[in-house]
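The values are calculated or read from the model by the stated rules, or taken from the named source; none is laboratory data. All figures in this text were calculated on a predicted structure; none of them were measured in a lab. Ideal geometry is used to build each Cβ from the backbone, glycine not excepted, and the neighbour counts take in all protein chains shown.
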Ligand code: GDP
Ligand code: MG
């Protein structure tokens, strides 16, 4: 179930990070509401969404925070990361620069985030096969080197979105239980 007031055993905070327009907000709306938007609609302030997930015999409430556009100004504050147990670090497979910035995001994450935060590296927009600028193997390699999980997703086609979030939630659950 996904009702807001359902009893839950754990509440997890997770964050979405990565360059502007890589698809963070659409990944979250897919995961939380099964919605996708063709227009990017940046909002002011931090937004978050909840979803309840059953892992083994526990009901977990995942609270996922979205940057709501501050990443454009490199103005994400430490409070955004505070208490987060997981992160989806997203780049756009059709824009190489967003992949090259992964290191910067990791640095920030390691500065402000929990030391044992679970990070999933996500190459989004896998549906745009003809404009691909980053190979899947490159993503995989970087993730291995940095000790992260890796997945390519398409928020548009709803491909691997659920899997990416569930991988993160399962890993967090494995650490905290
Ligand atoms: P954010 O700035 O990282 O939150 O990115 P948004 O979620 O606002 O998405 C930026 C743009 O990319 C929007 O025009 C989306 O419609 C588009 N977009 C997001 N995910 C995908 C995807 O998986 N495939 C395609 N083709 N476009 C996407
Ligand atoms: Mg956004």
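Tell me which of these residue 146 doesn't satisfy, since it passes every other one: (1) modelled with pLDDT under 95; (2) closer than 22 Å to residue 76 by Cβ; (3) surrounded by fewer than 17 Cβ atoms within 10 Å (Cβ to Cβ).
For residue 146, the failing item is (1).
Scan segment 14-34 for residues that are surrounded by fewer than 17 Cβ atoms within 10 Å (Cβ to Cβ), modelled with pLDDT of 75 or more and away from ligand 2 (no atom under 13 Å from the Cβ) and report the count.
1
Within segment 57-74, can one find any residue that is within 10 Å of ligand 1 (Cβ to nearest atom) and at pLDDT 90 or above?
The first filter runs over segment 57-74 and keeps only residues within 10 Å of ligand 1 (Cβ to nearest atom), leaving 66-69, 71-72.
Cutting the leftovers down to at pLDDT 90 or above gives us 66.
Checking segment 57-74: at least one residue is within 10 Å of ligand 1 (Cβ to nearest atom) and at pLDDT 90 or above.
Tell me whether segment 106-120 contains one or more residues that are touching a helix residue (DSSP H, G or I) at 6+ places or on another chain (Cβ under 7 Å) and more than 16 Å from residue 13 (Cβ to Cβ).
The answer is yes; a qualifying residue exists.
Give me the residue from segment 45-56 that is within 16 Å of ligand 1 (Cβ to nearest atom) and in a loop (DSSP other than H, G, I, E, B) and, out of that set, modelled with the highest pLDDT.
Taking segment 45-56 and keeping what is within 16 Å of ligand 1 (Cβ to nearest atom), we get 45-49.
In the following step, the residues that additionally are in a loop (DSSP other than H, G, I, E, B) were identified as 45-46.
Numbers: 45: 55, 46: 60.
Per the criteria, the residue is 46.
Residue by residue through segment 101-127, note down the ones that are in contact with a strand residue (DSSP E or B) (Cβ under 8 Å, 6 or more places away or on another chain), on the phi < 0 side of the Ramachandran plot and not in a strand (DSSP E or B). So that I can check it myself, show each step before the final result.
Going residue by residue through segment 101-127, those that are in contact with a strand residue (DSSP E or B) (Cβ under 8 Å, 6 or more places away or on another chain) are 101-102, 105-106, 108-109, 113, 117-127.
Filter once more, so that each one left must be on the phi < 0 side of the Ramachandran plot: 101-102, 105-106, 108-109, 113, 117-124, 126-127.
101, 102, 105, 106, 108, 109, 113, 117, 126, 127 - these are the residues of segment 101-127 that are in contact with a strand residue (DSSP E or B) (Cβ under 8 Å, 6 or more places away or on another chain), on the phi < 0 side of the Ramachandran plot and not in a strand (DSSP E or B).
What is the number of the single condition among (1) within 14 Å of ligand 1 (Cβ to nearest atom); (2) closer than 21 Å to residue 36 by Cα that residue 121 does not meet?
Tallying (1) within 14 Å of ligand 1 (Cβ to nearest atom); (2) closer than 21 Å to residue 36 by Cα, residue 121 fails exactly one: (1).
For segment 128-163, give me the residue count where each residue is in a helix (DSSP H, G or I), under 18 Å from the mean Cα position of the chain (by Cα) and more than 16 Å from ligand 2 (Cβ to nearest atom). Walk me through it before giving the result.
Just the residues of segment 128-163 that are in a helix (DSSP H, G or I), to begin with: 129-131, 136-146, 161-163.
From what's left, under 18 Å from the mean Cα position of the chain (by Cα): 136, 139-140, 142-144, 146, 161-163.
If we keep only those that are more than 16 Å from ligand 2 (Cβ to nearest atom) too, we end up with 136, 139-140, 142-144, 146, 162-163.
Residues flagged as in a helix (DSSP H, G or I), under 18 Å from the mean Cα position of the chain (by Cα) and more than 16 Å from ligand 2 (Cβ to nearest atom) within segment 128-163 amount to 9.
Filter segment 77-100 for residues that are out of contact with any strand residue (DSSP E or B) (no Cβ under 7 Å at 6 or more places or on another chain) and not in a helix (DSSP H, G or I); which is modelled with the lowest pLDDT? Steps first, please.
As a first pass, look at segment 77-100 and keep what is out of contact with any strand residue (DSSP E or B) (no Cβ under 7 Å at 6 or more places or on another chain): 77-79, 82, 94-97, 100.
Applying the additional criterion that residues be not in a helix (DSSP H, G or I) yields 77, 82, 94-95.
Numbers: 77: 79, 82: 93, 94: 98, 95: 98.
Among those that are out of contact with any strand residue (DSSP E or B) (no Cβ under 7 Å at 6 or more places or on another chain) and not in a helix (DSSP H, G or I), it is 77.
Can you tell me which of (1) surrounded by 14 or more Cβ atoms within 10 Å (Cβ to Cβ); (2) within 28 Å of residue 141 (Cβ to Cβ); (3) over 13 Å from the mean Cα position of the chain (by Cα); (4) more than 16 Å from ligand 2 (Cβ to nearest atom) is the one residue 98 doesn't meet?
With (1) surrounded by 14 or more Cβ atoms within 10 Å (Cβ to Cβ); (2) within 28 Å of residue 141 (Cβ to Cβ); (3) over 13 Å from the mean Cα position of the chain (by Cα); (4) more than 16 Å from ligand 2 (Cβ to nearest atom) applied to residue 98, the lone miss is (4).
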